[in-house]
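*Asks:* Here you go, one structure.
The values are calculated or read from the model by the stated rules, or taken from the named source; none is laboratory data. Not measured: the values here are computed from a predicted model. Neighbour counts run over all protein chains shown; Cβ positions are idealised from the backbone, glycine included. These area figures cover heavy atoms from the full protein model, side chains too; ligands, DNA and RNA do not enter into them. Shrake-Rupley method; radii C 1.70, N 1.55, O 1.52, S 1.80 Å.
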Amino acid sequence: MKRFVVVEASPFPDVLLARCGNASFSVRLRQVHRLHSAWVIDEHLVVDVDSCRDRSLLDCADVLQGSRVHSATGALRRLAVLTSAYPSCGIAAVPLSDAGGVGGWALADGSDRSPVLVLHRLYGPRQDSSEQSLLPSCVHAWLVAGRSLREWPYAHEASAS
């Protein structure tokens, strides 16, 4: 799977809205986490690393995103492999298993490579899986706007979990 995603700050800069086809996903930001500029638009290529066999797409993807869920430990190992194999990606994302109602994402950006965990229960009401899959795109827009992965308001140090 590959897809083109557009993420923008809403007219009220406390929401990031990701759109792809018929799916959309929004993440609310608190005032302290607002982006520096009033308007952010990030357009990028997302490639599913678990189903794509075209290395050229994997090499040029802005967001490398897995579709197979992993435990937190397995996801962190997978992120290490992805960021080593594809150092030019902006962000790598691996979905976490939903055991115990947790679920979420393990994320690492291409430059820092230090992973964080973003748990579903921390960033708002549940949305369906196609919408949840747009969260890494919102984080990519956050990075493009000059913020760090550690500053993402719902990120938690992977080692602390």
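*Asks:* Go through the stretch 15-57 residue by residue and tally those that are modelled with pLDDT of 80 or more and part of a loop (DSSP other than H, G, I, E, B).
*Replies:* 6
*Asks:* When residues of the stretch 62-99 are filtered for being over 19 Å from A141 (Cα atoms) and polar (S, T, N, Q), how many remain?
*Replies:* 5
*Asks:* Right, another one. Looking at (1) buried (at least 24 other Cβ atoms within 10 Å of the Cβ); (2) in contact with an Asp or Glu (Cβ under 7 Å, 6 or more places away or on another chain), can you tell me which one G90 breaks?
*Replies:* Only one criterion in (1) buried (at least 24 other Cβ atoms within 10 Å of the Cβ); (2) in contact with an Asp or Glu (Cβ under 7 Å, 6 or more places away or on another chain) is unmet by G90, namely (1).
*Asks:* Tell me whether the stretch 135-143 contains one or more residues that are modelled with pLDDT of 85 or more and open to solvent by 40 Å² or more (accessible area, probe 1.4 Å).
*Replies:* First, pick out the residues of the stretch 135-143 that are modelled with pLDDT of 85 or more: 135-143.
Pick out the ones that are also open to solvent by 40 Å² or more (accessible area, probe 1.4 Å) and you get none.
The answer is no; no qualifying residue exists.
*Asks:* Which residues, counting only those in the stretch 69-85, are open to solvent by 40 Å² or more (accessible area, probe 1.4 Å) and in a helix (DSSP H, G or I)? Can you show your working first?
*Replies:* Step one: list which residues in the stretch 69-85 are open to solvent by 40 Å² or more (accessible area, probe 1.4 Å), which gives 69-73, 76-78, 80-81, 84-85.
Within the stretch 69-85, A72, T73, L76, R77, R78, A80, V81, S84, A85 qualify.
*Asks:* Checking the condition touching a Pro at 6+ places or on another chain (Cβ under 9 Å), at pLDDT below 85 and open to solvent by less than 60 Å² (accessible area, probe 1.4 Å), which residue from G124, G110, G104, G66 passes? Outline the logic, then answer.
*Replies:* Values: G124 fails: touching a Pro at 6+ places or on another chain (Cβ under 9 Å); G104 fails: at pLDDT below 85; G66 fails: at pLDDT below 85.
None of the others qualify; the one that does is G110.
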